[in-house]
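Okay, structure first, notes after.
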Amino acid sequence: MGGRRRLSGRQLPDAGRAAHPASLDQHRLLALMKARTLRAWSWVHKWSSLVSTAFLLMLCVTGLPLVFSHEIEHVLLEEAWTPARPDGPKLTLDQVLETALARKPGEVPAYMSFDEDRPVVNVTSVQPGGKAGVYSFQPIDQTSGDPAPPVAGHPVMDFLLQLHTDMFLGLAGMLFLGAMGLLLIVALVSGVVLYAPFMRRLPFGTVRASKRARTRWLDYHNLLGAVTAAWVLVVGATGVVNALATPIVGYWKNTALKELTQAYDSPVAPGQRSSLQAAVDKAQKALPDKDLQFVAFPGSDYSTDHHYAVFFHGKTPLTTHLTTPALIDARTGELAAIAPTPWYVKTLTLSQPLHFGDYGGMGLKILWALLDIATIVILASGLYLWLAKRKAAR
């Protein structure tokens, strides 16, 4: 018995020594693979952030006042105004259009929109073959044909919107900023992956206030990044969708609306167009349960070369952002089609107000602004951490 115990005692250490190196090698291999994975994610996070930081800072800074664009323009542009003939008959839309174009000789109509709470029709016209984004905007009193004060479109806000949308570079600028939005999403995902191991060592939200400045700012950077992650993902994704607006609308016109244009040899000339008022009336009759939003004229981005596209929206807080166009043959004035927008166009129309928090009133806008400011801090602190690390390395 004693001999067997001594034999067993001698064998156990030998067996332990034989098994230990293999187990140790396995742990080392796993640790090495984990370290390599984290280094790869760190590289992705660093360069996706650095490449896009300057442009994302510009988007956040310009986006902050744009969240409150309606309120700012109301203060800057709203004037006490009453129609010239409040109780008199209204001009037809054809008369309004004729009045607007007479003040802008040589231009052609692109869009017509309607104020909800006053008898004002807004006519947007452009020079044929002119530069993209250059247009004339005329609010017109529908009771008299006189100019009316605008309720939107302050030059400063227009400048910020154009800078935020495409940096005054047209489609190329929109696509470039869309690419920066994709890099933002990559930086967000890689940042979450890197923050996960950190959370195992310290409680969530820990800020090591007693440490040096670089460590404190790293904690602030990680904390704000975790808190705003969902919002940044929403705003980044909707920004990418908005940047693709021109290709999305172009694809819709070339697919869903293509069959409506096959019967025509050439675009309809302005002198060959039927009555605009009759077209809108016919479209309203086809969609009686919806509210009129705007008209896109033949040749504009939101119509074909042969139709008035009369857009309507729903009456609930959600459906007010979902539009349905009725296409009226501009030559004959007949209803050509009710064209429910496909899912990708609906995604675009819902992304635009969601991007600026224009869904839930002032409370949601204030939340959007606070999260925007937090994102500015995240971007600035990330740049500081990178510069501080380089300085320490030197």
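The numbers here are math on the coordinates, done by the rules we state, and not lab data. Just so it is clear, the model here is predicted, and its values are computed rather than measured. Here the Cβ is made from the backbone with ideal geometry for all residues, glycine too, and neighbour counts use every protein chain on show.
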Through the Karplus equation 6.51 cos²θ - 1.76 cosθ + 1.60, θ set to phi - 60°, convert the phi angles of region 303-318 into ³J(HN,Hα) values in whole Hz; use x for Gly and Pro.
9, 9, 7, 10, 9, 7, 9, 9, 9, 10, 10, x, 10, 9, x, 7
One finds, for Val51 and Ala256 with R0 = 45 angstrom and r their Cβ-Cβ distance, a FRET efficiency to the nearest 0.05 of 0.80
Given the C-alpha centroids of region 224-269 and region 81-135, what is the distance between them in whole angstrom?
26 Å
Cβ-derived FRET efficiency at R0 22 Å, Gln127 paired with Leu175, nearest 0.05:
0.35
Out of these labelled values of log10 I(q)/I(0) by the Debye sum over Cα atoms at q = 0.09, 0.11, 0.12 Å⁻¹, (1) -0.69, -0.91, -1.02; (2) -0.49, -0.75, -0.89; (3) -0.58, -0.85, -0.99, which was calculated from the coordinates shown here?
(1)
So how do 81-90, 188-197 stack up, highest first, on mean other-Cβ count within 10 Å?
188-197, 81-90
Ala326 neighbourhood, Cβ < 15 Å, K/R = +1, D/E = -1, net charge -2
Can you work out ³J(HN,Hα) from phi for every residue in region 268-280, in order, using Karplus 6.51 cos²θ - 1.76 cosθ + 1.60 and θ = phi - 60°, giving whole Hz and x for Gly and Pro?
6, 6, x, x, 9, 7, 7, 4, 5, 4, 5, 5, 5
Applied in sequence order to region 225-231, the curve 6.51 cos²θ - 1.76 cosθ + 1.60 (Karplus, θ = phi - 60°) yields integer Hz couplings, x standing for Gly and Pro, of x, 5, 5, 9, 4, 5, 5
Charge dipole of the chain about the Cα centre (unit charges at C-beta), most positive-ward option of Ala388, Trp231, Leu57
Ala388
Amide H neighbours of Ala330 under 5 Å, counting only residues 5+ apart in sequence or on other chains, H built in-plane at 1.01 Å?
His307, Tyr308
Dipole magnitude of the chain about its Cα centre (Cβ charges: Lys, Arg +1; Asp, Glu -1), debye to nearest 20
4380 debye
Nonlocal amide H pairs with Val120, under 5 Å, H built at 1.01 Å
Asp115, Gln142
Would you mind checking the pairs Lys34/Lys391; Lys34/Lys211; Lys131/Lys365; Lys365/Lys391; Lys46/Lys211 and listing those with alpha carbons more than 30 angstrom apart?
Lys131/Lys365; Lys365/Lys391
Below 11 angstrom from the Cβ of Val207, what's the summed charge of the other residues (Lys, Arg +1; Asp, Glu -1)?
+2
